[in-house]
Each structure stands twice: as structure tokens, then as C-alpha cells.
Amino acid sequence: SSMNARMVLTPLTVTSNTINPLSPTTAEKPVEPGSTSNYSTTSAISVSLKKNDVLFGTGAMITRYPGNQQCRDFVNAKKELYVSASCNYAKRLVAHSIIDQVKNQTPPGRFLKQNKSSGDWEQVSDS
């Protein structure tokens, strides 16, 4: 089973030259977004990525990004609880607890998706 949480896009962008603080060469290459979903956006604010951010998408840079690695650790730690949950409501609680873990870090983690046309990163909200 996979964890599904309804996500709505709240815009928050970062220019593509600040994609990965770990590798200056990756900053020149746009990250290919993963599976697409319909998100709504309003205005955007430029920001730089933080180590606890979780980046949506595919590829080695996304897989190796520190926030994504940490999020996978959070998921793996709660996988047994999720699988053994008796109903969808309990599964949702587990999923939201992982989202909260990401957001309650220092600095707070955010869920970001790259805008295909601009290359900027937009924050995905769970509200």
C-alpha cells in the first residue's frame, strides 16, 4: 500500500541556480519532475532550498537529496504501523505524522515540486 495524502500546491519558488547546495554542477541542470498532478498556484516567493526540504521528482539528485533521504527514513520507521493500521483513517494519521516530522525539523522541512516551465520550486501544502 502507498501513503496518499491530499496535497495542494502553495507557491514558493527557488531559482534553478540554487537547486542543490551539495553539488554546484547539479545546479545547472533542471530536475525532471516525477509524476504530474493538478495543483493550483497563486503568487510565488523566491527562496533557497534547505537541507530538510523534500523534493518531488525523479533522478539521482532527488534520490540523494538529504531531505528526501531523511523522509524515506521516517517512512521506513513507520511502515509497519502503516501496514498494520486497521482503517484508512489510521493510515492517514500515520501519513500526517510523517508530514509533521518533516515540518517540525530545524530548519523546518517543506515539500517542493519543480515548476516545469520556469524551473522554480513551488511548495506543496498538505492543507
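Structural remarks
- The set of residues from the stretch 69-100 being outside any helix (DSSP H, G or I) and either in contact with a Phe, Trp or Tyr (Cβ under 9 Å, 6 or more places away or on another chain) or hydroxyl-bearing (Ser, Thr, Tyr) (or both) comprises just one member, SER86.
- Residue in the stretch 82-100 that is open to solvent by less than 40 Å² (accessible area, probe 1.4 Å), in contact with a helix residue (DSSP H, G or I) (Cβ under 6 Å, 6 or more places away or on another chain), modelled with pLDDT of 60 or more and under 21 Å from GLU122 (Cβ atoms) present: yes
- Residue that is most open to solvent (accessible area, probe 1.4 Å) [pool: residues in the stretch 101-127 that are touching a Pro at 6+ places or on another chain (Cβ under 7 Å) and not in a strand (DSSP E or B)]: LYS116
The values are calculated or read from the model by the stated rules, or taken from the named source; none is laboratory data. Values in this document were obtained by computation on a predicted structure and should not be read as measured data. With ideal geometry, Cβ positions are generated from the backbone for all residues, glycine too; neighbour counts draw on all protein chains shown. Quick note on the areas: whole protein, heavy atoms, side chains included, nothing else; ligands and nucleic acids left out. Shrake-Rupley method; radii C 1.70, N 1.55, O 1.52, S 1.80 Å.
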